[in-house]
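Undergrad: What follows is a structure written as structure tokens; I'll ask about it next.
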Amino acid sequence: MESSSNKPFKSALKVNEGIEQPPSVNVNAATHYSKPGRNLLRPEQYFEGIINGNRTILSQAITLIESSLPLHQDVAQAIISKCLPHSGNSVRVGITGVPGVGKSTFIEAFGKHLTAQGRKIAVLAIDPSSSRSRGSILGDKTRMEELSVDKDAFIRPSPAAGSLGGVARKTRETIILCEAAGFDTILVETVGVGQSEIAVHSMVDFFLLLMLGGAGDELQGIKRGIMEMADAVIINKADGDNLNRVNVAMAELRSALHYFPPTDSGWQPVCEACSSITKAGIPRVDEMINQYMEFTKANGYFANRRLQQSKQIMINVIDQALHDHFYNHSDIKKLLIKMESDLQNGKISAYVAAQGLLEKYFDNVIMR
């Protein structure tokens, strides 16, 4: 009898090899899209699309502005240069307020009012980014359902991406593109936290602060910095059972505004109330902004402020370029790793490490 170990094993089950399946990742496609310049248009093509009101081209150009890739930045700066002579003809309005005050609902109600008057508006909504993942929800288009389908409105949610105060680093450049595309009103919505108000105030003509009535912060919540920047304070959600609380808050705020020093523009900040649901008070906001624009253009403040904003843009661009050049230089990258290690091991202090990096940069990089 043969040993079972010498007999060939036969099974009643038979598995055919079948057809070889393709890989789950298309290597060719991944290679194709990994090349940042493959699908780029020429700057002239982006410019023509923007001038002619092509929303798709405008969105693509803004994406290039927000990109950190050097190639994208080169194309973006060429687009901005072409659009610059066609910009500057809009009313730039900054809108801020604590989370929950109803910024998105107000912007939708206000935006629909403007488009009904034949205006074209662009909403630049800065969404907060996670400090850990750098991710952002970008949900303003879903919150502004009616405005997002309005043919005379353009909504662009942008991630804050860790920039100062939660304001997107490229918002100023985006404003230029939107103005060149023919939008006569630019609404910039802040995150409503930290120093975002300061950054937005530096890039708009009119700064609007939204507040709530009956929230217990009519006077306690007034901070000199933000109140002194505001050209108007609007108490939102003035409807239903909240009307009495809103009226009390409005009286207290109007009284408080008189204690603040005169503004540089000479404009006396106004306090009003509105309801984004019933639309009561919304036309008054539009009227107030128009009055402000007429007032500041007449006394020369508007032109001077726009000039100061241009100077600030120049300074910000220089600061960012120096920052990028410092941290992206190969010699600095190597020394930075060593300094961080020495710092962690207690061999040097943070000040000595910083001084060593700066000396390396100025002596061996700049003077080379």
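Undergrad: Nearest 0.05, what FRET efficiency do residue 89 and residue 354 give at R0 = 35 Å with Cβ-Cβ as r?
TA: 0.20
Undergrad: Something else: Return one quarter of the surface area of the convex hull spanned by the alpha-carbon atoms of region 37-81, equal to its mean projected area, in nm². Don't skip to the end; give the middle numbers.
TA: Numbers: hull surface 10.9 nm².
About 2.7 nm², averaged over all directions.
Undergrad: What's the exposure ranking of 110, 207, going from fewest to most Cβ atoms within 10 Å?
TA: 207, 110
Undergrad: With the crude spin-label approximation of a point 7 Å out along Cα→Cβ, what separation in nm comes out for residue 243 versus residue 299?
TA: Those two pseudo-labels are separated by 3.5 nm.
Undergrad: Here's a follow-up. Along the Cα→Cβ direction, 7 angstrom out, place labels at residue 341 and residue 291. What is the inter-label distance in nm?
TA: 6.7
Undergrad: Let me ask something else. What is the set of long-range amide H partners of residue 205 at a cut-off below 5 Å, with H atoms built 1.01 Å from backbone N?
TA: Answer set, sorted by chain and number: 92, 93, 94.
Undergrad: Which far-off residues, 5 or more places away or on another chain, put their amide H under 5 Å from the one on residue 271, with H placed in the peptide plane?
TA: For residue 271, the qualifying residues are 233.
Undergrad: If R0 is 30 Å, what FRET efficiency do you get for residue 313 and residue 333 from their C-beta distance, rounded to 0.05?
TA: Efficiency at R0 = 30 Å is approximately 0.55.
Undergrad: Non-local amide H neighbours of residue 280 (under 5 Å, H modeled in plane, Pro and chain starts lacking H): which ones?
TA: 275
Undergrad: Hey, another quick one. Let's test the formula: R0 of 51 Å, r as the Cβ-Cβ distance of residue 69 and residue 284. What FRET efficiency results, to the nearest 0.05? Write out the running numbers ahead of the final one.
TA: Values: r = 45 Å, r/R0 = 0.88.
Taking R0 as 51 Å, the efficiency between residue 69 and residue 284 is 0.70.
Undergrad: Residue by residue, what Karplus-based ³J(HN,Hα) values in Hz, rounded to whole numbers, does region 289-298 have, using 6.51, -1.76 and 1.60 with θ = phi - 60° and x for Gly and Pro?
TA: Working through the residues one at a time gives 5, 4, 5, 5, 4, 4, 5, 6, 6, 5 Hz.
Undergrad: In nm, what is the difference between 0.36 nm times the number of residues separating residue 363 and residue 39 and their Cα-Cα distance?
TA: 112.6 nm
Undergrad: Could you work out the relative contact order of region 37-81, using alpha carbon pairs under 8 angstrom and six or more residues apart, expressed as a whole percent?
TA: So the answer I get is 42 percent.
Values quoted throughout were computed directly from the atomic coordinates according to the rules given, and no laboratory measurement underlies them. Just so it is clear, the structure is predicted and the values come from calculations on it, not from any experiment. Neighbour counts run over all protein chains shown; Cβ positions are idealised from the backbone, glycine included.
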